[in-house]
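Trainee: Mind having a look at this structure? Questions to follow.
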Amino acid sequence: MNMAPKQQKEDANRKSTCILAVETSCDETSVAIVRDGREVLVNLVASQIETHKAFGGVVPEVASRQHVECITLLMEQAISESGVAPEELTAIAVTEGPGLVGALLVGIMAAKALAFALDKPLIGTHHIAGHIYANRLTEEIQYPAIALVVSGGHTEIVRMESEGRFEVMGQTRDDAVGEAYDKVARALGYPYPGGPHVDRAAQAAESAVPLPRVWLEEGSYDFSLSGLKSAVLNLVNQSRMKGEEVDAGGIARGFQESVVEVLVGKAIRAVHEFGAKQLLLCGGVAANGGLRSELAARCAAESITLAIPPMKYCTDNAAMIGAAAHVKWIHGEVSDLYIKGEPGMSLEGWSVGASGAR
Ligand code: KG4
Ligand code: ZN
């Protein structure tokens, strides 16, 4: 068989790679070593949730300082636990953006230093591409695919025609889903991060307080969460002013039903409209019980193949960054040592072939 040299190179790059990946975009310091973009040899995560709980949300400067404290130790521990000799590593991947700039910089500096010391290529990686490629840690992705990204900072419907190509079909115009969950949770008296508390309360409640569905213009894949969040805050305030007990369970269930119906409705419509072979759910809110069960039921009813990563790969972790970086590696795209944190980094711009090999 006569294969083009580019194809031969891509096929060779698909195998026998061992990428050390670093993630520090928000409040988790994580280092992983991933073989061939799918086999996780080690995935260490140091969460800062306990620290930020006292402030009711992530304090950026505190996050950066904690990343500084853990990153070198985690890198050393990951290498020793994996049994991979540093010189056997193929490349060093790191989240380049989006995220908190000070937090990103800690991981980037550590990754650059390691890449320089070991003389290995550096792969600046997009955080959302990481969330999407978390799915590849457990199964092959079938293209074209649609990804529903739901996290603390992002709510997006992404179309992927082929490996490593991203087209954002719609996104939130205001709050991200996780952010709205956390704000609603706060109003209902739950600690940070409140998403899981609202989820549990919603599933335990017997009835739902009716809340509107925010579909926006016909055909739009965008989302808007701030109106719904305000409606919840108004309900809570009205009850308090009247001296009534707040129906936290009913409100949580009403909020969750509204959010889930719109997310699921738009994602399923996108799958049909673009003839996707698979729907990928990802991001921290993919842990939501209501969303998982409704999406699973709708996909089963409409014969859509659904992939959801295991819980440990839904929230921020470096294994997913290693999986996404592998795609860039396959296509021969690496970064130079001048990369810096990109808080507003574009997902489409990170697509394979979009900016060529850097
Ligand atoms: O993806 P992630 O770990 O961090 C970002 O990149 O943003 O997502 C964290 C978000 C938080 O807002 C958290 O409240 C939310 O995911 N979350 C949930 C659930 N578990 C985590 N939201 C709703 N239901 C859950 N079960
Ligand atoms: Zn994330």
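Trainee: What is the projected area of the convex hull of the Cα atoms of the stretch 262-343, averaged over all directions, in nm²?
Mentor: It is 7.3 nm².
Trainee: Right, another one. Largest first and to the nearest Å, give the Cα extent of the stretch 224-275 along each principal axis.
Mentor: Here the Cα extents, ordered largest to smallest, are 52, 18, 7 Å.
Trainee: What FRET efficiency comes out for the pair Q77/R200, r = Cβ-Cβ distance, R0 = 25 Å, nearest 0.05?
Mentor: That gives a FRET efficiency of 0.15.
Trainee: Please identify, among S230, S239, S25, the residue showing maximal mean-square fluctuation in a Gaussian network model of the chain using a 10 angstrom Cα cutoff.
Mentor: S239
Trainee: Structure shown: which of K120/K340; K277/K340; K53/K328 lie over 25 Å apart, alpha-carbon to alpha-carbon?
Mentor: Checking Cα-Cα distances, K277/K340; K53/K328 exceed 25 Å.
Trainee: Provide the per-residue ³J(HN,Hα) series for the stretch 286-300, in order, calculated from phi with Karplus coefficients 6.51, -1.76, 1.60 and θ = phi - 60°, each as a whole number of Hz, with x at glycine and proline positions.
Mentor: Coupling constants for the stretch 286-300: 5, 6, 5, x, x, 5, 4, 6, 5, 5, 4, 5, 5, 5, 5 Hz.
Trainee: Once neighbouring chains are kept in place and the probe is 1.4 Å, which whole percent of the accessible area of the chain is contributed by carbon and sulfur?
Mentor: Whole-percent figure for carbon plus sulfur exposure: 53.
Trainee: What's the angle, to the nearest 10 degrees (0 to 90), between helix 195-204's Cα axis and the longest principal axis of the chain?
Mentor: Once rounded, the angle reads 50 degrees.
Trainee: Just the number please: accessible area per residue for the chain, 1.4 Å probe, all protein chains included, in Å².
Mentor: Solvent-accessible surface per residue comes out at 42 Å².
Trainee: Can you tell me which lysines have their Cα less than 28 Å from the Cα of K242? Leave out same-chain residues fewer than eight positions away.
Mentor: Straight-line reach from K242, under 28 Å: K183, K229.
Trainee: Here's a follow-up. What does the C-alpha gyration tensor say about the overall shape of the stretch 167-254? Classify as rounded when a/c is under 1.5, otherwise prolate if a/b is larger than b/c, or oblate.
Mentor: Prolate shape, in that a/c is at least 1.5 and a/b is the bigger ratio.
Trainee: Can you tell me how much longer the chain between E167 and E88 gets when fully stretched, taken as 0.36 nm per residue apart minus their C-alpha distance, in nm with one decimal?
Mentor: Full-extension gain reported as 25.0 nm.
The values are calculated or read from the model by the stated rules, or taken from the named source; none is laboratory data. This one's a predicted model, so the numbers in the text were calculated from it and none came from an experiment. Cβ: placed from backbone, ideal geometry, glycine included. Neighbour counts: every protein chain shown. Heads up: the accessible areas ignore ligands, DNA and RNA and are worked out on the full protein's heavy atoms, side chains in. Shrake-Rupley method; radii C 1.70, N 1.55, O 1.52, S 1.80 Å.
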